[in-house]
Amino acid sequence: MIKIQRALISVSDKSGLVDFAQALAGFGVEILSTGGTAQALAKGGIEVKDVSEFTGFPEVLDGRVKTLHPKVHGGLLGVRDNPEHRRVMAELGMEPIDMLVVNLYPFEATVARPGCTLEEAIENIDIGGPAMLRSAAKNHRFVTVVVDPGDYGEVLDELKNRDGHISMATNAAFARKVFARTAAYDAAISNWLSSRDEEGGGRKHFPEVLTTQFVKAQEMRYGENPHQQAAFYVERGFEEASVANAAQLQGKSLSFNNVHDANGALELVKEFDRPAVVIVKHTNPCGVALDDDLLEAYRRARAADPVSAFGGVIAMNRPVDGPLAREIAATFVEAIIAPGFDQAAQDIFAAKKNLRLLLTRSPEGGVRSGVGLRLDLKRVTGGLLVQEPDQRPLRAGDLKVVTERAPTEAEMEDLLFAWKVVKHVKSNAIVYARGKVTVGVGAGQMSRVDASRIAVWKAREVAAVAGRSDDPLAGSVLASDAFFPFRDGLDAAAEAGATAVIQPGGSVRDDEVIQAANEHRMAMVFTGVRHFKH
C-alpha cells in the first residue's frame, strides 16, 4: 500500500475539486497545483504550493510549459524501492509525488462546437497533462493517479479505511483507466485533425486514420453459437437511445443474439412518431404496427406473424403499462426494450424471471439528423467498411407518382409506413402492409421475386392458421428496398392483391414496370432512394 503524503492536482473539470482537496488536506497531504486549479483551491481556503515553487522554474510560454520539468516527472517516475533511484532523487532534490489528480483540456467538447477553428482546437490539446498521467500510471506501484472526478469518493473512502494509504489493486485499476483515457484523447485529436480538409478549410466525411474506442460492458456465455466466445462493448460517450446505454431491469444476462435483435428492433421503432410496436426475430422485423393505443399496436404486430413472434424481441417507443404487460406475458419473448415500465408492468414481468427488460432513453420520433460523427462500421477480414448511417428522411419532394393513378390518402399513409419498415429488412426485402400493420415480410432473398413470394406465402399462412376467411393482402401496399429490375415483381404484387407500390425506381426497365402497374390499375411512387441492408 502507498502512503499518500504529497499530491499534485491540475484539472480542467473542477467538479468536486474543493471538497476533494479539503479532504486530502485533512489527511495531512501536501498539495501542489498550477494556474486556475491553484486559484480555485486557494479561493476555497486550501493551502497550496505552486508547482513553480516546487520546481524552482516559472510557468512560461503562456502556461504551455509548467509541469514539463524533471522534478515533476522524477517525483512521479522514481521507483521507491530502487536504491539508485532514491540516490539520484536525493542528489537532484526530486521529492516524491504520491498522488496525481489530472483531467485534460476539453479537446472533444471544443471541437464539437460549431465553427471551431484550427487555432481553438490546437490550444485545447493538452501536453503536460497526458505526460504526467502516463508517468504516474506507469509507476502505479508507487503513485495513485486519478483521472476521473467520479473516483474522488472511492479515493477518500480508501484513505479513511486504510489510514491514509491506497491499495495496490486500486492503483492498478486507476492506471488502466488512465491509459484508456489518454488513448481516447489521442484518438479524438487524430480523428479531428486527419478529417480536416486542409485546402478548403472544411471537414472530410471520413478521417484519413480512424481510431475508435469501445469499453467492455459484459462478457457473454457465448456468441451467435455456443462454440463462439463473445463480449459486448459499448462506444464511449454515445448519447442517443440505444441498446448500448439501456439499463437492464431484470432477466438473464443478454446474449449476443439478444443484443443484435434488440438493436434492430429499437432502430426501427425510432422511425415513428406515433405509438409503435416492433417484433424482431433474427434481426428481421416479423411484425410492426402503429396505433394510438399501444396495447392495440402490440396485438396487431403480434397477429401479423404470431409464429415468428414466439421467442422474439419487442421494442416500443412508449412506456409499457400493466394491461400491455399482461398481454405480452401470455407469450414467450426473449427481451423487451422500451422507454419505460410502470410499477404494474414490472410486477407482472417479475413472474417471468428470465425475461430481459431493457429500459432505454426516450427515442426521438422520426429519423434523426445532425448526429455528428456517428458512423456505421462493418468488419471484414483484415479491414473495416465505414459509412454514414442510413438516416436520410423521405422528403415530400422525393416522392414521384409515376403511374396513371395516384395513391389514395390511405394508400399513401401505408406506403410511407411500409417504406420505413423495409429499410430495416435484410435485402432483398419486400414488405406488404395494410392499415399501418405489416401483413407480409420477405427478407434476405437472392431474388426480389422470391422475397415477394415469401411475403405473400407468410401473409396467407398466418391467415389460414388463424382461421380467417379474408385475404390479408387484398387492398395492401408493397414496399421494395430497391428497384424492380423486371415487371414480374409488379405482376406478382398485383396478383397478390396489392393496390399500390413504393420503390426507389432507377431501373433501365422502369417504363416496363410502370406499364405493368398501369395495366393492373395500381398506383406507384418512386422515392429515388435505395435502402439496401446486408
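Name the helices (complete DSSP H segments) of the chain with a Cα length along the long axis of 27 Å or more and a Kyte-Doolittle mean of at least -1.0, or state none.
Details: long enough: 168-194 (39 Å, 0.28).
Helices passing the filter in the chain: 168-194.
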Query raised in the report: Kirkwood hydrodynamic radius of the chain from all distinct Cα pairs, in Å?
Result: 27.2
Report summary line: Cross-link reach from residue 420 to lysines, straight Cα distance under 19 Å and at least 8 residues apart if same chain, gives 270, 281, 400, 436, 533
Report summary line: Between the modelled labels at residue 138 and residue 296 (7 Å from Cα along Cα→Cβ) the distance in nm is 6.8
Query raised in the report: Along the Cα-to-C-beta direction of residue 515, a point sits 7 Å from the Cα; which residues of segment 448-489 have their amide N less than 16 Å from that point?
Result: 485-489
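Expressed as a rounded percentage, what relative contact order does segment 340-455 have, with Cα pairs under 8 Å and six or more residues apart?
Details: 105 pairs, mean separation 14.5, N = 116.
Over segment 340-455, the number comes to 13 percent.
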Query raised in the report: How much length is gained if the chain between residue 344 and residue 391 is pulled fully straight, taking 0.36 nm per residue apart and subtracting their Cα-Cα distance, in nm to one decimal?
Result: 13.4 nm
Query raised in the report: Using the alpha-carbon centroid of each, what span in Å lies between segment 264-324 and segment 182-224?
Result: 34
Report task. Pull out the extension gain between residue 43 and residue 79, defined as 0.36 nm times the separation in residues minus the alpha carbon to alpha carbon distance; nm, one decimal. Result -> 9.5 nm
Report task. Above 29 angstrom, tally the Cα pairs of segment 2-194 and express them as a % of all pairs, no decimals. Result -> 21
Query raised in the report: At residue 198 and residue 116, where each label point lies 7 Å from the Cα along Cα→Cβ, what is the point-to-point distance in nanometres?
Result: 2.0
Query - Point-to-point label distance, residue 183-residue 447, nm (Cα→Cβ direction, 7 Å offset) - result: 4.9
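Read-outs throughout are calculated quantities, based only on the coordinates presented, and are distinct from any laboratory measurement. Predicted model only: the values in this text are computed from it and were never measured. When we count neighbours, we look across all protein chains shown, and the Cβ atoms used for this are built from the backbone with ideal geometry, even at glycine.
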